[in-house]
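Undergrad: This is the structure I want to talk about, given as structure tokens.
Quick note: the coordinates plus some simple rules give every number you see, no bench work behind them. Here the structure is a predicted model, which means the values were calculated and not measured. Every residue, glycine as well, gets a Cβ built from its backbone with ideal geometry; the counts of neighbours run over all protein chains shown.
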Amino acid sequence: MVIDVTQTTAGQLKTLGRFRQINDTFPRTEQIREHKNQGKKVFGWLCTYVPEEIIHAAGILPVRVTGYSQEMELEDGNAYLYINNCSFSRSCLQMGLRGEYEFLDGMVAGSTCDGARRLFDLWQHYIKTPFYHILTVPRKYTEKAHGLYYQQVVQFKEHLEEFLSQKIADEQLRHSIEVYNQARVLLKQLYELRKADTPPISGAETMEVLNTSFHMPKETFNQWLKELLDELGKSSNRHQGRARLMVVGSVMNNPEFIKSIEAQRGLVVTDELCTSTRYWSDPVVLAEGQSPVKAISRRYLSNFPCARMVPSDERFRRILNLVKEFKVDGVVSQIIRYCVPYAHDLPLLRDRLKDIGVPMLALDVEYGTSGSGQIQTRVQAFLEMLEARKR
Amino acid sequence: MKVPDTKGNKINAIIRACRIITRMNQANPDTPKSEALYYQMLSSYYTRLRNAHDEGGFIAAHTVFFPSEILYAMDIVPMHTEMTTWMMALFLGEQAEILSAGAELGLVPEICSPHRGLAGAFALGALPRPDAMLWSNLICDNTAKSGELIMELTKCPGFFLDHPFQRSEAEDKYLVSELEDMIDFLEEKSGQKMDWDKLSEIVQKMDHQMELLREIGELRKAVPSPFPNRGFLQLLTVDYLCPGQPEAIAYLETLRDELAEKVREGKGAVSPERFRLMTLFVPPMYLMGFLEKIGQEYGAVSVVEPLFTRWAEGKLDPSRPLESVARKTAMIPERRSMYGPLSQEVLQDLIDCAEQYKVDGAVYWAFMGCRHTCATVKLFKDLLNEVDVPVMTIDCDIVDPTINSEAEIREKMEQFFEMLEDR
Ligand code: SF4
Ligand code: SF4
């Protein structure tokens, strides 16, 4: 049955409810509480350049530090980070200052952008988490940059071992690579389904799944996702919309925003967000006899790049590939105000999309926006324009 | 993206402005000799840039905190992009034009104005077309992201210099290897070879230059403090434009001697000296004259700028020139205080500054385009308040005068002085 993307299938997709519950209760989820109750540690991580496998291999639950998946009052965030840091970093700090992350035993970040590094600085100063680490993340992909990043990952692992008074064995790392790679494979399968003319899952629903992926133990997540994929395989529901869209830009983990686009029948089929495609896209490739830390560090630095990396061509190349693979009619760029890395790339990306005849709608947003008001009007106009092009 | 012919660039106008100031200074017998040397330095920097292409020279545009020592050693003509945009704003008052050209390119207002202006200036053809674009991530995302658009606008090749975030042996080595790669790139593009002896000489002079900057810092501790408010920008420009160059040394030596004499004579930059201020981040460029004036009126003088004028201790080694250039980069005040994790050392230094310089109050210029410096407003305020130094924050833009008026800033500063007076 082909249904309009405005109609939710939530009622029919039973397995989706579990993901939704995690999102609704984060950060006070049952999963995190259970993990803590077993006397185990939970670490927060910031930005996709933090190698999660290292944390996981130490028996720690890695949880991505985000804001709530909705816009919130940022009084403290504004006071501490000033209003000109992106609302993502302010939201995270706000939650931290309010004690929402008091269960964290550690905080790990990378030197990815000014917003993230300053968030880390202030977190360290004002929020007392027992363990801190920031990795120098090179901005290039040269062999020398890989060499430096590898040393950084080794240093991080050693720092963690010292904190835990316990070694992290290669065997544990191999296991963690397997678990994380499995999540990547499953998420890729989910995205493959969205290449169909009428995909069985909407963009907003996919975002709900992704949002949980970094907020719960991967083992359980993988199990749930398998069940969801099974269910989707059997489901006869198919979504259609007025145009196929791709969302690009700053960090975003708010299904409501996608929903607001889909409410106008714009079908979101793929994205380039660090909370979705960029999170899962590349597996860790562990060659026979290779050191797992080396394989992990290589993957994290050469993964689908953030706008912080130089040259930006690699990011643009991958975006253009996705546009083709997912038969995208138009690109929605959502850039959080004061997210400088993405803002700088905007004119360059727009030109490249123009060259292949794909229009872009550039939205200035705040983190957690639900996409109401003016955004809706602009999306509406964009969809009309895309439809007119098809006629 | 199309760029107009670059013949109509504004470098000539900057040179003319420097000459006019020099003539005015010559006519005024009270002008310190260092002032004349400063404008001579500027004028020769921009004359070299203007004549570069006619004389067969190779121009490398580069972003702020870039090791231009290497360019001088290779006889490549440097063009400091942010500084040149600032100069255009400062001398020619052309902010509006270049900022709106930046906006037309699609750069949003949240990108800091020096970089919006920079891209706009290139798009307008207001700057000479560089033969290569060099940029780095020192010290923010704006610098890290600015190069590619300029390469595209000017159709020139480019090299990104990746500065590691922290300090360790591996990271120091990485920076040296980045410098080596950059030299290879420049040799290939310019056809000019690195002159290692010349680089060693520059490193030696650089060592002296840093020593002079530290001495000047020491002299400013005197009560009353001898260095005028308008001098802040000059102190930065020297290293930004002419690191280890004879003009820079001549200016700094003269300045140091003048300040030493004032200290001996017990003469302050303002008289009577009533408020000793710490400046955090940079005041708007176009307000330098105003700050001088209000300082004179109220007896307020900036005695220390921890983020910009506190050079690290340490020596360079001319026999290891490239390692020394890398080491110098790590000693730059801005790199120490604004890039890398906010260490205890940096925070302690802030407190030490307040005590060593007998600071009465601090002014934090919260430049809305500069995210990482605004992110420390609250933290620095908390720390300084602990040692009984009140901090006033002024939201501003360092290039764009439309953000807040001089009258507004005057009112805030007057209130702050009143409060300091009451203490
Ligand atoms: S990439 Fe942008 S949104 Fe993400 S932390 Fe950095 S500045 Fe904020
Ligand atoms: S003003 Fe701030 S954001 Fe702009 S270039 Fe300078 S350090 Fe970077």
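Undergrad: I need the peptides A:298-307, A:169-178 ranked by packing, meaning the mean over residues of other C-beta atoms within 10 angstrom, with the highest value on top.
TA: Going from most to least packed, we get A:298-307, A:169-178.
Undergrad: Between A:Arg28 and A:Ala287, take the C-beta separation as r, use R0 = 41 Å, and let me know the FRET efficiency to the nearest 0.05.
TA: Plugging the Cβ-Cβ distance into 1/(1 + (r/R0)^6) gives 0.50.
Undergrad: From the Cα gyration tensor of segment A:109-158, with a ≥ b ≥ c the square roots of its eigenvalues, which class applies: rounded if a/c is under 1.5, or else prolate if a/b is larger than b/c, or else oblate?
TA: It comes out oblate by the Cα gyration axes.
Undergrad: Considering the zone a paramagnetic label at A:Gln155 would reach in this model (a point 7 Å from Cα along the Cα-to-Cβ line), which residues of segment B:161-197 have amide N under 12 Å from it?
TA: B:164-175
Undergrad: At q = 0.15, 0.16, 0.17 Å⁻¹, what log₁₀ I(q)/I(0) does a Debye calculation on the Cα points of segment B:197-422 give, no solvent, two decimals?
TA: Those come out to -1.04, -1.17, -1.31, one per q.
Undergrad: Test of the criteria: in segment A:222-317, which GluC sites (Glu not before Pro) are in a DSSP loop and have at most 13 other Cβ atoms within 10 angstrom of their Cβ?
TA: Answer by residue number: A:Glu288.
Undergrad: Another question, if that's okay. Once you've got the GNM for chain B with C-alpha springs shorter than 10 Å, pick whichever of B:Glu334, B:Glu35, B:Glu355 has the biggest mean-square fluctuation.
TA: In the Gaussian network model the winner is B:Glu355.
Undergrad: Given a cut-off of 22 Å, name the pairs among A:Lys41/A:Lys188; A:Lys188/A:Lys218; A:Lys128/B:Lys381 whose C-alpha atoms lie farther apart than that in the structure shown.
TA: The answer is A:Lys41/A:Lys188.
Undergrad: Aspartates and glutamates near B:Lys10 by alpha-carbon distance under 19 Å, same-chain residues fewer than 8 away left out - which ones?
TA: Filter leaves B:Asp54, B:Glu55, B:Glu82, B:Glu94, B:Glu97, B:Asp131, B:Asp400.
Undergrad: Could you work out how far apart the two model spin labels at A:Glu227 and A:Lys188 are, taking each label as a point 7 Å from the Cα in the direction of the beta carbon, and quote it in nm?
TA: In this crude spin-label approximation the distance works out to 2.5 nm.
Undergrad: Per residue of B:328-341, how many C-beta atoms from partner chains lie within 10 Å of its own C-beta, taken as a mean?
TA: The per-residue average across the peptide is 1.
Undergrad: Could you order the peptides A:52-60, A:33-41, A:135-143 from most to least packed, using the average number of other C-beta atoms within 10 Å per residue?
TA: Most protected by this proxy first, the peptides run A:52-60, A:135-143, A:33-41.
Undergrad: Then there's this: Helix-only mean residue ellipticity at 222 nm, chain A, DSSP H runs n ≥ 4 weighted -39,500 (n - 2.57), per residue, nearest 500. What is it?
TA: Calculated mean residue ellipticity at 222 nm is -16000 deg cm²/dmol.
Undergrad: Within segment B:79-103, name every residue whose backbone N is under 19 Å away from a label modeled 7 Å from Cα of B:Gln40 along the Cβ vector.
TA: Within reach of a label on B:Gln40: no residues.
Undergrad: With contacts defined as alpha carbon pairs under 8 Å and 6 or more residues apart, what's the relative contact order of chain B in percent?
TA: The normalised contact order for chain B reaches 16 percent.
Undergrad: For A:Glu143 and A:Glu387 in the same chain, what is the full-extension length gain: residue separation times 0.36 nm, less their Cα-Cα distance, in nm?
TA: 83.3 nm
Undergrad: Just order B:92-105, B:220-233 by mean Cβ neighbour count inside 10 Å, highest at the front, would you?
TA: Going from most to least packed, we get B:220-233, B:92-105.
Undergrad: Could you work out the mean count of beta carbons from other protein chains within 10 Å of each residue's beta carbon in B:164-174?
TA: 5
Undergrad: Please label the shape of chain B as rounded, prolate or oblate, based on the square roots a ≥ b ≥ c of the eigenvalues of the alpha-carbon gyration tensor (a/c under 1.5 means rounded; beyond that, a/b larger than b/c means prolate, else oblate).
TA: Note, shape of chain B comes out rounded.
Undergrad: Moving on to the next point. Sequence-distant or interchain residues sharing an amide H contact under 5 Å with B:Thr393, placed H: which?
TA: Long-range HN contacts for B:Thr393: B:Tyr364.
Undergrad: Report the calculated FRET efficiency for A:Gln124 and B:Glu408 (r = Cβ-Cβ distance, R0 = 30 Å), to the nearest 0.05.
TA: Working from the Cβ atoms, E equals 0.30.
Undergrad: With a cut-off of 8 Å between alpha carbons and a minimum separation of six or more residues, what is the relative contact order of chain A in percent?
TA: Value for chain A: 21 percent.
Undergrad: Taking the Cα centre of chain B as origin and charging only Cβ (+1 Lys, Arg; -1 Asp, Glu), how large is the dipole, in debye to the nearest 20?
TA: Approximately 780 debye in magnitude.
Undergrad: Only Cα pairs under 8 Å and at least 6 apart count here; give the relative contact order of segment A:215-307 as a rounded whole percent.
TA: 22 percent
Undergrad: What list of ³J(HN,Hα) values in whole Hz, one per residue of segment A:110-118 in order, does the Karplus curve 6.51 cos²θ - 1.76 cosθ + 1.60 (θ = phi - 60°) give from phi, with Gly and Pro shown as x?
TA: x, 7, 7, 8, 4, x, 5, 5, 6
Undergrad: Set the Förster radius R0 to 45 Å, insert the Cβ-Cβ distance between A:Gln21 and B:Glu386 as r into 1/(1 + (r/R0)^6), and round the FRET efficiency to 0.05.
TA: Efficiency for this residue pair is about 0.50.
Undergrad: Could you work out the mean count of beta carbons from other protein chains within 10 Å of each residue's beta carbon in A:130-137?
TA: Mean shielding count: 3.
Undergrad: Net charge near A:Thr129, counting Lys/Arg +1 and Asp/Glu -1 over other residues with Cβ under 10 Å of its Cβ?
TA: Neighbour charge sum, excluding A:Thr129 itself: -1.
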